[in-house]
Amino acid sequence: MKSAYRIIEGQGQRAKLPLEIHHEKQPMKKSRARKPTMRKSGQIRIIGGMWKSRLLRFSEVADLRPSPDAVRETLFNWLPHNLNGKSCLDLFAGSGSFGFEAASRGASKVVMVESNSTAVSKLRSNREILQAENVVEIIPLTVDKFLHKPKHSFDIVFLDPPFSSQVIESTCRNLADKDQVPENQGSNGFLCPDALVYIESLWNDYPLPIPPSWHIIRQKRCGMVKSTLIQT
């Protein structure tokens, strides 16, 4: 590449100095940022199984806090990939995000327990939309009342109470009560042998108030939420 010079004369001398060449900067093209895909408020998405990607609306009532997709995906990665033949109990069901996800992945029976009448109405509506009446049973009771009227034993229990309720200890105690044995079932109350219990709590709830015979097998923090899977 050739260089450009300019000649300067003075006092009987000549000097050859390089020219300063200014190149115009080309304006940078602005990259078009992709807008993130956002779901509308009041919706949950089923993330796996036969209803994968289906969006369901839920009622926005006080203390109803559906688990984010990432949290539910973590949980169902921990569980067996195929839930065929499994019986699941969704306590404090709220939006039904755990129960409908389990039904989508092949659970043979899902019982949802929810006391808020507005939330119950929406659960029934979503059950009808999914045509899941033969799989999903919705119990409009408080969890405490339900756990004093045993009907079934369950392989998997989802326990996701409002963070402000302070009911994890009493709920676990009632679940573990072996005196509450459903008729004609050789089981440990509400829990089948080797049942799994999932608890969602605040990350700083430590230690979890669970029965001494239960063992934590998986645990993960996601933001302010702590996910815990327990072998009973």
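Quick check: from the Cα gyration tensor, does the stretch 43-231 come out rounded (a/c under 1.5), prolate or oblate?
Cα axes put the stretch 43-231 in the rounded bin.
Could you order peptides 202-208, 73-79 by the average number of other Cβ atoms within 10 Å of their residues, highest first?
Highest to lowest by the protection proxy: 73-79, 202-208.
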With θ taken as phi - 60° and the coefficients 6.51, -1.76 and 1.60, list the Karplus ³J(HN,Hα) couplings across the stretch 219-224 in order, rounded to whole Hz; mark glycine and proline as x.
7, 8, 9, 9, x, 8
Given labels modelled 7 Å from the Cα in the Cβ direction, how far is it in nm from K220 to D69?
1.5
Which ³J(HN,Hα) values in Hz, rounded to whole numbers, follow from the phi angles of the stretch 76-85 under the Karplus curve 6.51 cos²θ - 1.76 cosθ + 1.60, where θ = phi - 60° and Gly and Pro get x?
6, 6, 6, 7, x, 4, 10, 9, 3, x
For a quick check: with amide H placed at 1.01 Å from N, whose amide H comes under 5 Å from M112's, ignoring anything fewer than 5 positions away on the same chain?
D90, E137, I138, I139
Shape of the stretch 66-154 from its Cα gyration tensor (a ≥ b ≥ c, root eigenvalues): rounded if a/c is under 1.5, otherwise prolate when a/b > b/c, or oblate?
rounded
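We did not get these values from a lab; they are worked out from the coordinates using the rules stated. All values reported here derive from a predicted model rather than from experimental measurement. So basically every Cβ, Gly included, is an ideal-geometry build from the backbone, and we count neighbours across all protein chains shown.
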